[in-house]
Amino acid sequence: MTPLDPSFLHLPLAHRGLHDGPLRPENSAAAFRAAIDHGYGIELDVQLSADNRAVVFHDDTLDRLTASTGPTAAVDAARLGTLPISGGDQKIPTLRETLELVAGQVPLLIEIKDQDHHLGPNIGPLERAVANDLKTYTGPVAVMSFNPASSLAMAQLAPEIPRGLTTCAFAPTDWPDVPESRLADLAALDLNPALGACFISHDRADLHNERVAELRAQGLAILCWTIRSQAQEDAARRLAHNITFEGYLASIPLS
């Protein structure tokens, strides 16, 4: 198991960068620069392009954040890089471009979005793209996914990179396309030892889950998502080592 860099337990992680409207939209270079300028770590999402590149984008379709429609994975990276995000002048970056921008200045937490679409085993190209992009990156970085198969693939492709799982209560109403038996397995938070996971990033609304406390007692780092106020932050810090936040300026602990 490769442990997290200590900065992941100290600097709050700006959710999809420090975003704020169309001039600084989520998962954009402007949002990442703002996070760096404020001394925050960065959490971001990656999807797969049609030409098997890792691109920094949350959704598996383009509809919500661009004027285009259809699957993100149906468009190549060069074309995605011309699409304005949220009507502003920021475009969809590749992971490689983002790594060059961040350049180790702050910790970088990469969420690999599920390409199986049912949290199952049909993954691989995106994980290979991420591992390839990270080969020469020397800054503090970690990867995670809701899909354990993705984290397991990263354990095999890039064992030197710290990895974990994005987790929650996995309520069926939140995951209508995933079989309930699969959701029950994931909700148990029984981590496969082969993952070599050193952390989870858990839904703040479920932080009181006894299993989360057990994992913390076993030495796993507990991160959480997504904090949206100082009051939520204060409550979360009693149970988690660090937070992922948006919509306000999080506190940076003194030590």
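The values are calculated or read from the model by the stated rules, or taken from the named source; none is laboratory data. Because the structure is predicted, anything quoted here is derived from the model rather than measured. Note: ideal-geometry Cβ built from the backbone for every residue, glycine included; neighbour counts use all protein chains shown.
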Problem - Residue list for region 33-49, restricted to those being within 25 Å of LEU80 (Cβ to Cβ) and of a type in the set (D, E, K, R) - result: ARG33, GLU43, ASP45
Practice task
Test GLN105 against the stated conditions and say whether it is surrounded by fewer than 21 Cβ atoms within 10 Å (Cβ to Cβ), in a loop (DSSP other than H, G, I, E, B), under 16 Å from the mean Cα position of the chain (by Cα) and not hydroxyl-bearing (Ser, Thr, Tyr).
Solution key: no
Fill in the blank from the handout: Screening PHE32, PHE8 for residues that are within 29 Å of SER251 (Cα to Cα) and in contact with a helix residue (DSSP H, G or I) (Cβ under 9 Å, 6 or more places away or on another chain) leaves only PHE32
Practice task
Collect the residues in region 175-191 that are part of a loop (DSSP other than H, G, I, E, B) and more than 23 Å from HIS208 (Cβ to Cβ), keeping them in residue-number order.
Solution key: PRO176, ASP177, VAL178, PRO179
Problem - From the options ALA240, ALA171, residue that is part of a loop (DSSP other than H, G, I, E, B), at pLDDT 95 or above and closer than 18 Å to GLU111 by Cβ - result: ALA240
Exercise for the section: Assess whether ALA240 counts as being closer than 27 Å to ALA103 by Cβ, buried (at least 20 other Cβ atoms within 10 Å of the Cβ) and of a type outside the set (S, T, N, Q). Expected result: no
Fill in the blank from the handout: Note: among ALA205, ALA194, just one is under 23 Å from ILE123 (Cβ atoms), under 21 Å from the mean Cα position of the chain (by Cα) and part of a helix (DSSP H, G or I), namely ALA194
Practice task
Just give me the residues in region 73-105 being within 22 Å of GLU127 (Cβ to Cβ) and charged (D, E, K, R), in sequence order.
Solution key: ASP76, ARG96, GLU97, GLU100
Fill in the blank from the handout: Reported set for region 68-89 where residues are of a type outside the set (A, V, I, L, M, F, W, C), surrounded by 16 or more Cβ atoms within 10 Å (Cβ to Cβ) and either in contact with a strand residue (DSSP E or B) (Cβ under 7 Å, 6 or more places away or on another chain) or assigned to a helix (DSSP H, G or I) (or both) is THR72, GLY81, PRO84
Completion exercise
(1) touching a residue at least 60 places away in the same chain (Cβ under 8 Å); (2) more than 20 Å from LEU9 (Cβ to Cβ) all hold for ALA197 apart from (2)
Problem - Those residues of region 144-159 which are in a loop (DSSP other than H, G, I, E, B), out of contact with any strand residue (DSSP E or B) (no Cβ under 9 Å at 6 or more places or on another chain) and either crowded, with 18+ Cβ neighbours inside 10 Å or without any contact (Cβ under 8 Å) to a residue 40 or more places away in the chain (or both), in sequence order - result: none
Exercise for the section: State whether the residues of region 131-143 include one that is under 23 Å from ARG64 (Cβ atoms), surrounded by 14 or more Cβ atoms within 10 Å (Cβ to Cβ) and modelled with pLDDT of 95 or more. Expected result: no
Problem - Residue among PHE199, PHE245 that alone is touching a Phe, Trp or Tyr at 6+ places or on another chain (Cβ under 8 Å), of a type in the set (Phe, Trp, Tyr) and closer than 19 Å to GLY164 by Cβ - result: PHE199
